[in-house]
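A quick write-up on the structure given underneath.
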């Protein structure tokens, strides 16, 4: 863990969220569908158990807490509670949560709502504030610009794409909630496209993610404009995926005369 640039937690809400009923995980071709429902024990239990464990077992690795909420006030309240904890380096705001004050529409699908959440979180902290963008929109650039204007220090993308899987033998959906979030290699082309679009439109760093399984995947995101990358689903397949990818990045840099990883960011060659 000490080799990682940072460790991002799963979503943390103000109070306990039970999550969705099972089954809530389904394998797909080149990917995985999940419908966990942001299950978590709430911020107090997170501080007592998970944050304490990280402080003991990964003291040198910055911890970025992913923040979830059903209202603007809840997002801010989670951050306000975590501000008392020295072991938190920053926050990643998950704006894919449903906004109960707006009929359940996800915050991240509307630039006004996305900016409102970002501004509330910005007012609650001076720590690093990253906003995680949803790909389930028609114009991701406008959302990215709105959260930048509202005070985000960086954006991360993409979150999962909405998808579903059906068992042809039983004629039933493979997830209890029918629809879930698709992650893994299947979404990488979409993720690369969105990272490239956003990186060219905002003045803040972009963290790229979505289907990174090997070092070359990470390099592709950097070339598209990402300043850093994040690895999620690969850890389910190989718990040492991050270590393997880091080793592969070092080998790539040596083989290609790259002195600093930053040299790769935005180095995509387009056209003649």
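Some observations on this one:
- So residue 62, is it touching a residue at least 40 places away in the same chain (Cβ under 8 Å), surrounded by 13 or more Cβ atoms within 10 Å (Cβ to Cβ) and out of contact with any helix residue (DSSP H, G or I) (no Cβ under 6 Å at 6 or more places or on another chain): yes
- Filtered residues of region 258-272 (kept if surrounded by 12 or more Cβ atoms within 10 Å (Cβ to Cβ) and touching a helix residue (DSSP H, G or I) at 6+ places or on another chain (Cβ under 8 Å)): 258, 261, 264, 265, 266, 267, 268
- Summed over region 224-272, the residues that are in a helix (DSSP H, G or I) and either under 14 Å from residue 188 (Cα atoms) or in contact with a strand residue (DSSP E or B) (Cβ under 8 Å, 6 or more places away or on another chain) (or both) give a count of 3.
- Residue 177 satisfies every condition listed in (1) out of contact with any strand residue (DSSP E or B) (no Cβ under 9 Å at 6 or more places or on another chain); (2) buried (at least 18 other Cβ atoms within 10 Å of the Cβ); (3) in contact (Cβ under 8 Å) with a residue 60 or more places away in the chain except (2).
- Residue pairs meeting the criteria (Cβ under 6 Å; at least 6 apart or on separate chains; first free of Cβ contacts under 8 Å to residues at least 24 places away in the same chain, in region 36-48; second buried (at least 17 other Cβ atoms within 10 Å of the Cβ)): 36/24; 39/17
- Of all residues in region 154-168, those being within 20 Å of residue 225 (Cα to Cα), part of a loop (DSSP other than H, G, I, E, B) and in contact (Cβ under 8 Å) with a residue 60 or more places away in the chain number 2.
- Any chance residue 182 is closer than 20 Å to residue 154 by Cβ, within 22 Å of the chain's Cα centre (by Cα), surrounded by 15 or more Cβ atoms within 10 Å (Cβ to Cβ) and at pLDDT 95 or above: no
- In this entry, residue 64 passes the filter for residues that are within 24 Å of residue 181 (Cα to Cα) and outside any helix (DSSP H, G or I).
- Scanning region 26-40 for residues that are surrounded by fewer than 16 Cβ atoms within 10 Å (Cβ to Cβ) and in contact with a helix residue (DSSP H, G or I) (Cβ under 9 Å, 6 or more places away or on another chain) gives 29, 30.
- Qualifying positions in region 195-206 - in contact (Cβ under 8 Å) with a residue 40 or more places away in the chain and surrounded by 23 or more Cβ atoms within 10 Å (Cβ to Cβ): 198, 199, 206
- Count of region 12-23 residues which are modelled with pLDDT under 95, surrounded by 16 or more Cβ atoms within 10 Å (Cβ to Cβ) and outside any strand (DSSP E or B): 1
The values are calculated or read from the model by the stated rules, or taken from the named source; none is laboratory data. Since we're looking at a predicted model, the values are computed, not measured. Reconstructed Cβ throughout: ideal geometry from the backbone, glycine too, with neighbour counts over all protein chains shown.
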